[in-house]
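Reviewing the structure listed below.
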Amino acid sequence: MPELPEVETTRRGLAPLLTGRRLRGATVREPRLRYPVPAGLGEQVAGQAITALERRGKYLILRLEAGWLLLHLGMSGSLRLAGAAEPAGRHDHVDLELDGGDRLRLTDPRRFGSLLPGAGDPAEHPRLRALGPEPLGPAFDGDHLYRRARGRRLAVKAFLMDARTVVGVGNIYANEALYRAGIRPDRAAGRISRQRYRRLAAALRAVLEAAVAAGGTTLRDFTDGAGQPGYFALELAVYGGGACPSCGGALRRLRIAQRSTWLCPRCQR
């Protein structure tokens, strides 16, 4: 699934190409995404200028002169510019038609993504209202994690992946941050000290910043707004298994919250 670095990579690549452009309409080939694409979307956006492309967690917010569109890439989706003459593929479900003839194309093979219009403050949308702080923003630190974890028995990895704790942290980056911080992913969230949470917050920020700089992580499907893969997969320390980069010991695989999890039993405690 595209996680925060992949969505932020998409945003950074597309924002300068979209801001100030005007929409001519929309072509909806398949409205049956995770949430149905509303009928009349083309008429609703036609003539509106794009004022910004923002991100909240794993969501993109395409701001228009009147209202906005909330986009999610689902499990294997991508968003990119397509030329006017480029034919639509089997999984190219929605095109937002731009002045000049090219299109902002939503591709979603598994149809777990979404595209929903809205008005008012997007922070009040039901999908965004309960989200935690941004891990790269000023409101996130180890003290926040420590306070949220008090009395919690669930595994710290599951705690870190809960969007009410902090947004945008998926399986790959939770594994990598916990390894860098030296914390076992199956340790109870409420049994970790404030100091160790400060180390974890710093590790998470460093991992995410490095992943954004590398264009995200492509394991199977992800491509950015220009159709390019992400290269952070070359920098993964533990995700996918193998030998520990620090001690050389074999990494161990666990299942936490139904997701594959890797750790070094020597370096993480």
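Every number in this text was worked out from the coordinates using simple rules, so none of it is lab data. This one's a predicted model, so the numbers in the text were calculated from it and none came from an experiment. With ideal geometry, Cβ positions are generated from the backbone for all residues, glycine too; neighbour counts draw on all protein chains shown.
Which whole-number percent is the relative contact order of the chain (Cα, under 8 Å, 6+ apart)? Don't skip to the answer; put the middle values down first.
Numbers: 576 pairs, mean separation 50.1, N = 269.
Relative CO of the chain lands at 19 percent.
In what sequence do M161, M75 fall when counting other Cβ within 10 Å, fewest first?
M75, M161
Tell me, S114, S78, S193 in order of fewest to most beta-carbon neighbours within 10 Å?
Working: S114 20, S78 23, S193 10.
In order of increasing Cβ crowding within 10 Å: S193, S114, S78.
Are there trypsin sites (Lys or Arg not before Pro) in region 70-129 that DSSP puts in a loop and that have at most 13 other Cβ atoms within 10 Å, and which ones?
Taking region 70-129 and a limit of 13 other Cβ atoms within 10 Å, the loop trypsin sites (Lys or Arg not before Pro) found are R90, R129.
How much net charge surrounds Q48 when only the other residues with a Cβ under 9 Å from the Cβ of Q48 are counted, with Lys and Arg +1 and Asp and Glu -1?
Net charge in that neighbourhood comes out at 0.
Once you list every other residue whose beta carbon is under 9 Å from the beta carbon of H72, what net charge do they have if Lys and Arg are +1 and Asp and Glu are -1?
Numbers: positive: R34, K58, R127; negative: none.
Around H72, the charge tally is +3.
Sort T27, T261 by Cβ crowding within 10 Å, fewest neighbours at the top.
Fewest-to-most Cβ neighbours within 10 Å comes out as T27, T261.
May I ask you to derive the relative contact order of region 65-203, considering only C-alpha pairs under 8 Å and at least 6 residues apart, and to give it as an integer percent?
Dividing the mean separation by the residue count of region 65-203 yields 22 percent.
Would you tally the net charge around G170, using a Cβ to Cβ cut-off of less than 12 Å, leaving G170 out, and scoring K and R as +1, D and E as -1?
Net of charged neighbours comes to -1.
Which label belongs to the value computed from this structure, given these candidates for percent of Cα pairs over 31 Å apart: [x] 30; [y] 23; [z] 18?
Computing percent of Cα pairs over 31 Å apart and matching it to [x] 30; [y] 23; [z] 18 gives [x].
If you filter region 139-169 for chymotrypsin sites (Phe, Trp or Tyr not before Pro), then keep DSSP loop positions with at most 11 other Cβ within 10 Å, what is left?
Details: sites: F140, Y146, F159; in loops: F140.
Here no loop site has a sparse enough neighbourhood.
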